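For reference, the structure discussed in these notes is given below.
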Amino acid sequence: MNLLTAQDIAHTFEYELFRDVNIELNSGESIAIIGMSGSGKSTLLHLLSTLLTPSEGSVLLFGEDVSSMSKKRLSSIKRHDLGLIFQSHYLFNGFSAYENLEVAELLSGEKIEDDLLEALHIKEPIHQKVTELSGGQQQRVSIARVLTKKPRIIFADEPTGNLDKKTADEVMSLFFEYCKEHDAGMILVTHDNELAHQCDKVFHLEDKKLQRIK
Ligand SMILES: Nc1ncnc2c1ncn2[C@@H]1O[C@H](COP(=O)(O)OP(=O)(O)O)[C@@H](O)[C@H]1O
Ligand SMILES: [Mg+2]
């Protein structure tokens with residue numbers, strides 16, 4: 001089943017970042033986007049995840065054009081179906097890790113799963129305040145928060161950037177397993193070539209074009 005289609009997307013801020021971008025994500029599939037710093041990878045992820053509107057072209061989610069969705073429909077999709085994991089974690093700092101997960105539970109109507117906390121090694125510090133946790137622990141709490149809502153698409157921008165190699169590998173395996181188990185899709189921005197090639201498809205953003213290399 002098709003989860004996301006980007007058709008002939010172009011985007012310009014001060015200057016044109018890229019054009020003629022086409023992507024198709026199907027359920028159970030993972031896509032990696034690689035490219036040099038400044039090539040527009042994060043911007044592209046923002047366009048695909050509806051945080052930004054493309055200058056040209058369209059994004060379809062679950063077969064529906066985002067630009068013609070009602071506000072209500074779009075916010076429901078964002079709440080239930082899209083999981084965004086970016087470099088900075090956007091956790092609520094005054095609250096405990098667990099309270100942050102409860103927010104996701106409340107918004108999505110899904111349950112926090114013990115197995116998930118165990119897999120991410122955050123079961124022990126789960127009742128500590130976010131500010132008391134290490135950067136890597138905070139990152140893993142934010143990943144738990146996103147997976148708690150059981151999204152149909154995961155958008156991840158360098159999600160393992162501040163994790164050590166072993167933890168990063170564990171987190172990535174968790175993402176891949178999640179996609180298989182839930183028939184979800186993932187679009188991953190990374191500069192790690194080896195990691196990118198663990199995905200089903202790999203695209204390279206270079207010279208304003210997105211080229212498929214795997
Ligand atoms: N909010 C913004 N306003 C204006 N220009 C931006 C904005 N975000 C990104 N850019 C421009 O887009 C370029 C690419 O940024 P980005 O998508 O973050 O690249 P990457 O993630 O590949 O490093 C930046 O160098 C900057 O010129
Ligand atoms: Mg970036």
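For the range 85-106, the count of residues that are over 21 Å from Ser142 (Cβ atoms) and more than 16 Å from ligand 1 (Cβ to nearest atom) is zero. Contact map, the range 34-45: first residue among the β-branched types (Val, Ile, Thr), second residue modelled with pLDDT under 95, Cβ cut-off under 7 Å, separation 6 or more or different chains; pairs are Ile34/Thr190; Ile34/His191; Ile34/Asn193. Could you please let me know if Leu163 is under 19 Å from the mean Cα position of the chain (by Cα), over 30 Å from Asp20 (Cα atoms), away from ligand 2 (no atom under 16 Å from the Cβ) and not in a helix (DSSP H, G or I)? So Leu163 passes the test. Remark: Glu110 matches the filter, which requires a residue to be away from ligand 2 (no atom under 16 Å from the Cβ), of a type in the set (Asp, Glu) and in a loop (DSSP other than H, G, I, E, B). Does the range 33-51 contain at least one residue that is within 16 Å of ligand 1 (Cβ to nearest atom), at negative phi and part of a strand (DSSP E or B)? Yes: the range 33-51 contains one or more residues that are within 16 Å of ligand 1 (Cβ to nearest atom), at negative phi and part of a strand (DSSP E or B).
A residue that is modelled with pLDDT under 95, more than 16 Å from ligand 1 (Cβ to nearest atom) and in a loop (DSSP other than H, G, I, E, B) occurs nowhere in the range 183-204.
Screening the candidates Asp115, Asp81 for the property of being free of Cβ contacts under 8 Å to residues at least 40 places away in the same chain and of a type in the set (D, E, K, R) yields one hit, Asp115.
Yes/no matrix, rows are residues, columns are (1) at pLDDT 95 or above; (2) closer than 17 Å to Thr148 by Cβ; (3) within 16 Å of ligand 2 (Cβ to nearest atom):
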{"position": "Glu29", "(1), (2), (3)": "yes, no, no"}
{"position": "Ser39", "(1), (2), (3)": "yes, no, yes"}
{"position": "Leu47", "(1), (2), (3)": "yes, no, yes"}
{"position": "Ser70", "(1), (2), (3)": "yes, no, no"}
{"position": "Arg73", "(1), (2), (3)": "yes, no, no"}
{"position": "Gly94", "(1), (2), (3)": "no, no, no"}
{"position": "Glu102", "(1), (2), (3)": "yes, yes, no"}
{"position": "Asp114", "(1), (2), (3)": "yes, yes, no"}
{"position": "Glu124", "(1), (2), (3)": "yes, no, no"}
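The values are calculated or read from the model by the stated rules, or taken from the named source; none is laboratory data. Keep in mind that this is a model prediction, so the values were computed, not measured. Here the Cβ is made from the backbone with ideal geometry for all residues, glycine too, and neighbour counts use every protein chain on show.
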